[in-house]
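Below is one structure, written out as structure tokens, with a few remarks after it.
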Amino acid sequence: MIRSTGVALLLAVSVAAGQEPSAPSSTGALSWTNPLAPKRADPHVTLHSDGWYYLAATVPEYDRIELRRARTLGGLSSAESKVIWRKHDKGPMGAHIWAPELHFIDGKWYVYFSAGEAEKRWEIRLYVLECSGNDPLQDDWKEKGKLAAGWESFTLDATTFTTNGVRYLAWAQSEKGVKGTNIYLARMDTPLSIAGKITCITRPEFDWEKRGPWVNEAPAVLVRNGKVFLTFSASATNENYCMGLCYASETADLLDAASWKKMPEPVLKSDAAASQFGPGHNSFTTTPDGRTDILVYHARNYENIRGDSLRNPDRATRAQVVRWLSNGMPDFGAPVPDGNYSIPVSDLIRP
């Protein structure tokens with residue numbers, strides 16, 4: 001049962017952020033309209049300490065990185081997008097600009113993204129942009145070059161997180177002699193580099209991870225209830241695309257593969273009843289008070305795709321609440337239909 005102090009705190013945060021006070025079932029901080037952003041895949045939403053929600057996502061042209069921000073999650077739908085960087089005409093960072101993520105680390109903004117070369121589009125690697133200013137939409141961004149993984153191969157979808165005072169990088173990469181892409185984890189010694197041991201957290205092993213290409217990609221991390229939860233996406237980018245889950249104890253050695261357990265079934269998948277297909281490549285954010293977790297992901301609202309699913313522009317950014325079970329595990333449910341969405345009062349505070 002939600003405590004009244006939780007609602008009061010949330011309303012206070014809304015007022016401080018310049019929003020009108022609202023009941024939990026009304027528009028504002030606790031409700032929005034899906035999709036949040038049409039034709040925006042691989043969404044990364046972060047709620048910064050300045051009170052703004054920031055959205056970075058893949059654009060259909062694969063040629064630039066945009067940011068937008070709003071005081072509420074729903075406000076991202078109408079927020080103006082600002083182009084902060086465009087691809088190169090030649091060489092590295094010249095094609096397939098994918099999956100940008102915005103992170104604030106040690107007083108600076110960073111964007112981690114994947115990119116191919118103009119002449120070799122599938123030579124995809126990880127790259128970083130840095131902004132020393134306070135305003136990531138208006139201040140200058142500088143290219144900081146490649147974020148080197150453990151070896152040279154197809155590499156994408158980097159994310160970073162901290163737990164117990166240690167910063168980690170998680171990413172997807174192909175490995176010689178291993179079919180498909182896998183999720184790897186390493187410590188970061190700076191925001192621009194990793195150091196030490198590299199551990200494979202998950203690789204395709206179940207049927208739902210091998211429909212079409214063998215894929216584990218797009219890691220996202222949520223630290224809750226004494227556990228580190230790592231979601232990932234699997235299979236082809238059509239209706240088979242779905243979300244899996246690995247988890248480890250927060251006190252375990254995260255660089256020991258044996259510390260991690262993988263759920264044997266996908267935790268978010270296509271739902272014909274809701275007209276939502278291929279949900280995946282998610283991130284996590286919260287309500288303004290930080291007490292309710294929100295899953296942000298992309299999906300299409302139709303099943304059959306004409307042509308190459310990778311080139312299809314109709315993946316759209318959507319969001320819904322993360323429910324928590326009594327055993328401390330997350331319940332992502334099924335993708336919600338397009339249209340108005342309000343967080344149920346019973347889901348406002350995690351156990």
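Structural remarks
- F332 fulfils the conditions (1) within 23 Å of G226 (Cβ to Cβ); (2) in contact with a Gly (Cβ under 6 Å, 6 or more places away or on another chain) except for a single criterion, (2).
- The set of residues in the range 234-245 being in a strand (DSSP E or B) and without any contact (Cβ under 8 Å) to a residue 60 or more places away in the chain consists of A234, C242, G244.
- Looking across the range 299-351, the residues that are of a type in the set (D, E) and either modelled with pLDDT of 95 or more or touching a strand residue (DSSP E or B) at 6+ places or on another chain (Cβ under 9 Å) (or both) come down to E303, D314, D331, D338, D347.
- One residue alone among V228, V215 is among the β-branched types (V, I, T) and more than 30 Å from N301 (Cβ to Cβ), and that residue is V228.
- Filtering the range 253-274 to residues that are part of a loop (DSSP other than H, G, I, E, B) and touching a residue at least 24 places away in the same chain (Cβ under 8 Å) leaves L254, L255, D256, W260, P264, E265, P266, V267, K269, S270.
- Qualifying positions in the range 181-228 - in a loop (DSSP other than H, G, I, E, B) and among the polar types (S, T, N, Q): N225
To keep it simple, each residue is scored yes or no on (1) touching a Leu at 6+ places or on another chain (Cβ under 7 Å); (2) of a type in the set (A, V, I, L, M).
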position: K227; (1), (2): no, no
position: S235; (1), (2): no, no
position: T251; (1), (2): no, no
position: W260; (1), (2): no, no
position: N282; (1), (2): yes, no
position: H298; (1), (2): no, no
position: M329; (1), (2): no, yes
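- Qualifying position, being touching a strand residue (DSSP E or B) at 6+ places or on another chain (Cβ under 7 Å) and charged (D, E, K, R), among K82, K120: K82
- In this structure, D338 does not qualify as in contact with a Lys or Arg (Cβ under 6 Å, 6 or more places away or on another chain), farther than 20 Å from A218 by Cβ and of a type outside the set (K, R).
- Restricting T251, T231, T237 to residues that are within 30 Å of G107 (Cα to Cα), of a type in the set (S, T, N, Q), surrounded by 21 or more Cβ atoms within 10 Å (Cβ to Cβ) and out of contact with any His (no Cβ under 6 Å at 6 or more places or on another chain) narrows the list to T231.
- Residue within the range 158-178 that is modelled with pLDDT under 95, crowded, with 18+ Cβ neighbours inside 10 Å and within 21 Å of the chain's Cα centre (by Cα) present: no
- Candidates in the range 266-306 are the residues that are of a type in the set (D, E) and under 30 Å from H48 (Cα atoms); of these, the one that is farthest from the chain's Cα centre (by Cα) is D289.
The values are calculated or read from the model by the stated rules, or taken from the named source; none is laboratory data. These numbers come from a predicted model, not from an experiment. For neighbour counting, all protein chains shown are included, and Cβ atoms are generated from backbone atoms with ideal geometry for every residue, glycine included.
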